[in-house]
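The values are calculated or read from the model by the stated rules, or taken from the named source; none is laboratory data. Treat the numbers as computed from the prediction; the structure is a model and nothing was measured. All Cβ positions, even for glycine, are placed from backbone atoms using ideal geometry, and neighbour counts span all protein chains on display. All accessible areas refer to the heavy atoms of the entire protein, side chains included, with ligands and DNA or RNA removed. Shrake-Rupley method; radii C 1.70, N 1.55, O 1.52, S 1.80 Å.
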Amino acid sequence: MDQMQAVKQYIEVHKDEMLKLWMDLVNSESFTNEKEDVEVIAQKVYKIFVELGFSCQLQELGPKNGPILTGVWRAGYPGKPILFSGHYDTVFKRGTFGANPFHIEENGHVRGPGCLDMKGGIIITVFTI
């Protein structure tokens with residue numbers, strides 16, 4: 001099996017797990033200026049990363065901003081490091097989309113606050129690792 005076939009097979013095997021996690025993150029509202037919501041999603045991503053074996057830290061940024069999450073996976077591993085960077089806040093105020101805004105349209109497109117920028121990127125990071 002070539003590498004592309006292996007990747008496609010991995011995605012197919014883990015598709016439901018990916019969608020479930022993606023849905024959870026998108027349905028967790030996290031408007032930049034609503035610190036409590038941002039802290040909730042920061043804790044969710046922190047927990048996921050720790051379960052993957054990351055050494056993580058949450059750095060508080062004051063009374064108005066959510067924390068910065070840093071994680072190192074396999075510290076000291078030989079070879080060149082790879083950097084994944086992103087965010088987990090959105091530009092949409094709490095309640096903008098109603099309850100459970102994640103949905104998949106008939107054409108297969110996923111919709112919801114942050115589904116691509118950046119919560120989808122978090123899912124890519126998790127399953128790439």
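Some observations on this one:
- Residue within segment 32-45 that is in a helix (DSSP H, G or I), acidic (Asp, Glu) and open to solvent by less than 90 Å² (accessible area, probe 1.4 Å) present: yes
- Ile48 being in a helix (DSSP H, G or I), touching a Ser or Thr at 6+ places or on another chain (Cβ under 8 Å) and open to solvent by less than 80 Å² (accessible area, probe 1.4 Å): no
- Members of segment 89-116 found to be part of a loop (DSSP other than H, G, I, E, B), open to solvent by 100 Å² or more (accessible area, probe 1.4 Å) and either closer than 13 Å to Met23 by Cα or among the charged types (D, E, K, R) (or both), listed by number: Lys93, Arg94, Asn100, Glu106, Leu116
- Search result, residues across segment 52-83 that are closer than 12 Å to Ile129 by Cα, over 14 Å from the mean Cα position of the chain (by Cα) and not basic (Lys, Arg): Gly53, Phe54, Val72, Trp73, Ile82, Leu83
One line per residue, one yes/no per condition, for (1) closer than 15 Å to Ser30 by Cα; (2) hydroxyl-bearing (Ser, Thr, Tyr):
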residue	(1), (2)
Trp73	no, no
Tyr88	yes, yes
Thr96	yes, yes
Pro101	yes, no
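- Among the numbered conditions (1) open to solvent by less than 80 Å² (accessible area, probe 1.4 Å); (2) in contact with a strand residue (DSSP E or B) (Cβ under 7 Å, 6 or more places away or on another chain), the only one that Gly120 does not meet is (2).
- Selection status of Val13, assigned to a helix (DSSP H, G or I) and either over 15 Å from the mean Cα position of the chain (by Cα) or surrounded by fewer than 18 Cβ atoms within 10 Å (Cβ to Cβ) (or both): yes
- Residue check for Gly66: farther than 25 Å from His103 by Cα, in a loop (DSSP other than H, G, I, E, B) and either open to solvent by less than 60 Å² (accessible area, probe 1.4 Å) or of a type in the set (Asp, Glu) (or both): yes
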